[in-house]
Amino acid sequence: METVFFPPSANAESRKENTAERLLSIIIPIYNAEKYLNMCVDSILQQTYRHFELLLVDDGSRDSSPQICDSYERRDPRVRAIHKPNGGCSSARNLGIELSRGELLTFVDSDDYLDPDMYQILLQNLEMTGSDVSACSYRKEKESRTPHITCKPGREAQVRILTDRDIFESIAREENSIEGMVWNKVWRREVIGSHRYRTDVAINDDAVFTWETLRDARQVCYCGLPMYHYVILRTGIVGSSKIENYLKGLHGYEIMMADRDRITETCFANLYRQYIVWNTVIYEQLLGRGTPDPDLSQKIRSNISAGEKYWRLVPLPYRIIAIAIVKNDTLAKCLTRLKMGLKRLRNLLFV
């Protein structure tokens, strides 16, 4: 069920809490982030909600990130610098969860930044609605070292309350929803419980964590204010990942789709649409690698073919390649190589 909310409802009064007294643990996994780390951390230290601890989890960085973390720890008693051997983003976030002290948790990516009132508004919504998780919208921005803050004091937006199957439908949706990211949310520790980021999933591991954790959520609230700034790097994890990580990402979608009995057909269709796109991306990676893998190619073909009823939902460029993969492999290879060539040309022209 989904409702729209401005003031606290009568049934939320019994769960109203003073979140101003609750410690918020902010966890940042860090790996070779020296170019953007200062912008990210400064945006957190400038938050209007002041009662937090900031865990900077350095995941074996080889640049100056460890020194930057240590300098912030010396400057602000709320900051804790944690250093560990490289194990990936999921392991860094998991360590942050284990070492955190707060009743509330949130996550930030080391190349992003926040509006100064983000946590104050998210916690206010959490308190007013008595929800387990409070989420907001976000802005996609091109790579930059200068923050673009546009918030106005005293701003407010409608708060939507989601329960039951609407929670999962909102995760699978790709706009005006809570989505699968972890960084646009504040979580109560009790809803996270024993849930941790999976190491058998990559790239979309945050979406799988959100999905599996919110199975235990009674209620989630969402406001449409874009308070988180998601910075798109020229070379991000998706662009630089090995094919093994793409396969782990495919596994992530399969984990979520295995819950078909507890979600709506619309939600499953949205997941399968994304699953088809992901299969075409892996197909492209196979061609780019230049080493044929007949078994994997057949798996991709079977995955796309099994979702034929959802082909019409796939964005046109991916849909054309997906249908070609099933119907005519030679044509699929030609179209994919053309797409790869155009992508390289675009990167050369717009560097």
Dmax and Rg, reported as Rg then Dmax, of the stretch 87-220 (C-alpha, Å): 14.8, 43
Using +1 at the C-beta of Lys and Arg and -1 at the C-beta of Asp and Glu, which of Met340, Asn303, Gly290 has the Cα lying farthest in the positive direction of the dipole of the stretch 254-351? Met340
Karplus-derived HN-Hα couplings along the stretch 184-192 (A = 6.51, B = -1.76, C = 1.60, θ = phi - 60°), whole Hz, x at Gly and Pro: 9, 9, 10, 10, 6, 4, 5, 6, 5
Summing -39500 (n - 2.57) over the DSSP H runs of n ≥ 4 in the chain and dividing by its residue number, what mean residue ellipticity at 222 nm do you reach, to the nearest 500 deg cm²/dmol? -13500 deg cm²/dmol
Amide H to amide H, which residues 5 or more places from Tyr113 or on other chains are under 5 Å from it, using H placed in the peptide plane? His229, Val231
Positive-end extreme of charge dipole, the chain - chosen from Tyr230, Leu99, Phe168 (charges on Cβ): Tyr230
From the phi of every residue in the stretch 29-36, what ³J(HN,Hα) in whole Hz does the Karplus formula 6.51 cos²θ - 1.76 cosθ + 1.60 yield, where θ is phi - 60° and glycine or proline is x? x, 10, 9, 6, 10, 4, 5, 10
Assigned charges on the beta-carbon of Lys, Arg, Asp, Glu; the chain dipole about Cα centre (debye): 1120 debye
I need the peptides 89-96, 256-263, 78-85 ranked by packing, meaning the mean over residues of other C-beta atoms within 10 angstrom, with the highest value on top. 89-96, 78-85, 256-263
What are the extents of the Cα atoms of the stretch 238-349 along their three principal axes, in Å, largest first? 44, 31, 26
Computed over the Cα atoms, what is the radius of gyration of the chain divided by 2.2 N^0.38 Å, N being its residue count? 1.03
List every residue whose amide H lies under 5 Å from the amide H of Glu34, counting only residues 5 or more places away in sequence or on a different chain, with H placed 1.01 Å from N in the peptide plane. Ser64, Ser65
Sort the following peptides by mean Cβ neighbour count (other Cβ atoms within 10 Å, averaged over residues), highest first: 292-303, 176-187. 176-187, 292-303
Neighbour counts of other C-beta atoms within 10 Å: give me Ile232, Ile304 arranged from fewest to most. Ile232, Ile304
Say the dipole of the stretch 2-232 comes from +1 at the beta carbon of Lys and Arg and -1 at that of Asp and Glu; which of Ala157, Pro85, Leu123 then lies farthest toward its positive end? Leu123
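No lab work stands behind these numbers, since they all come straight from the coordinates. Worth saying up front: this structure is predicted, and the values here are computed from it rather than measured. Virtual Cβ from ideal backbone geometry, glycine too; neighbours counted across all protein chains shown.
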